[in-house]
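Read the structure below first, then the notes.
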Amino acid sequence: MKKYLQLQFKRMRKTMVLVILVAAFLVCGIYAVYQATVTRWSAENSTEKFTIAMVGTADDALLRLGISAAQTMDASRFTVELVEMEEKQASDALYAGEIAAYIVVPDGFLDHALQGELIPLKFVSETGGKTILTVVKQELSAAVSNLVLSSEQGSFALYDALTALGHGDIAYQEMNNLANLYAGQIFNRDNLFSVEYIGVSEGLDFEKALLCGLSVLLLMLMSIPFAGVFVRDSYGLERLLCSKGVGAFKQVLSELMLYGLSMLILVTAAMWAFSKGAPKYLLAGIPVALCIASLCLMIYSITEHLVSAVILQMLLGVGMCFVSGCIYPISFFPASIQSLARFLPTGVIKTHFSGVLLGRSVQETGLLLTAFSVFFFTVCVGVRKYRIVHHKGGIL
């Protein structure tokens, strides 16, 4: 076994030159994609306000007073800027991209509202717009409708109840007091709740979540050059080694040890490149390296042609990374896919990396990755035994 291990080491040493070149190329490409995505995300999610034009408020002093109050007192002033325009001017500004939308207030809107009759407002935005404005429009419309309707129902219900009970002399004043109380609660609604940032994925912000996902994808692609070492169409040497006492178990174990060591170097280098702390993450990278090495070794064991092995490795690697949320956030997928991703090696590796970056315990994910490694290793040993005994050429 010692001589076989030395032989594999020599083969691996020659391959590492190619692996390093491929790894450098992949790192540059993926890092460029990472920087471009983060830059675009930062630009699209800047603190720029949405500009919304109000049409039909120029002749209504109370509406203009309400707009002024919203711009000075309401929490929405930090995200939405209200400006007054004529409808033609607002339509041209929307077409030119100068405003995000405009609202048309019909004549007599406030008079009818004071009498308990709400006339629908006209909200105009881009046709088929796919920006965040579409979501804001839906949420804002629903929130405003609920606030206005509930406040109106409560105020008029109090007036009707006091009048029915013989307190009509104070009904109007109490209704106004309740309306003022509603208005105060609406203006101070940001103090009625607390905000907890849960991140994009597993508690990570967008940049770190993308970092973890691309790291997993990078490591899966880095393992492709090793196909030239482990893919074989003849098992004469393996039969000879078996007759000398180096059976399938020892053969696969020797290959996995060197493959795992090579992947550990790549894992540590990748984590150092993004996190600047290789010694800190060396132990955390061991189960990751073993899992990827054993998985790829299993793939190379069941194929006999180099092209088939590379294609299979690439399809499985990229496919599992995609389903596991390494490329797109996992929340984009259906619940069934999200449940499946937690049981895929790539999904567990991504969770493992997330735990490392967040400083959490990664013992559970480390044990699960070790279990994956044992399973893949067992399959490799079984396939090797079958090949040694029954192999006659062809694809299994």
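The values are calculated or read from the model by the stated rules, or taken from the named source; none is laboratory data. Note that the coordinates shown come from a computational prediction; the quantities given were computed from them, not determined experimentally. Glycine gets a Cβ as well: all are built from the backbone with ideal geometry, and neighbour counts include every protein chain shown. The protein model used for the area step is the full one, side chains on, heavy atoms only, and it has no ligands, DNA or RNA in it. Shrake-Rupley method; radii C 1.70, N 1.55, O 1.52, S 1.80 Å.
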Of Leu266, Leu256, which residue is within 15 Å of Ser223 (Cα to Cα), at pLDDT below 85 and surrounded by 18 or more Cβ atoms within 10 Å (Cβ to Cβ)?
Leu266
Being surrounded by fewer than 23 Cβ atoms within 10 Å (Cβ to Cβ), of a type outside the set (A, V, I, L, M, F, W, C) and over 10 Å from Ser324 (Cα atoms) is the requirement here; does Thr370 meet it?
yes
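Do the conditions hold for Leu358, that is, is it surrounded by fewer than 20 Cβ atoms within 10 Å (Cβ to Cβ), modelled with pLDDT of 85 or more and over 30 Å from Val246 (Cβ atoms)?
no
Each row is one residue, and each column tells you yes or no for (1) out of contact with any Leu (no Cβ under 8 Å at 6 or more places or on another chain); (2) on the phi > 0 side of the Ramachandran plot; (3) among the β-branched types (Val, Ile, Thr); (4) open to solvent by 30 Å² or more (accessible area, probe 1.4 Å).
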residue	(1), (2), (3), (4)
Pro287	no, no, no, no
Val310	yes, no, yes, yes
Phe322	yes, no, no, yes
Cys326	no, no, no, no
Pro329	yes, no, no, yes
Phe343	yes, no, no, yes
Hits in region 229-245 (condition: in a helix (DSSP H, G or I) and surrounded by 12 or more Cβ atoms within 10 Å (Cβ to Cβ)):
Val229, Phe230, Leu237, Glu238, Arg239, Leu241, Cys242
Count - residues of region 270-285 that are of a type outside the set (Ser, Thr, Tyr), crowded, with 17+ Cβ neighbours inside 10 Å and at pLDDT below 75
3
Which members of region 148-169 meet the condition of being of a type in the set (A, V, I, L, M, F, W, C), open to solvent by 70 Å² or more (accessible area, probe 1.4 Å) and part of a helix (DSSP H, G or I)?
Leu149, Ala164
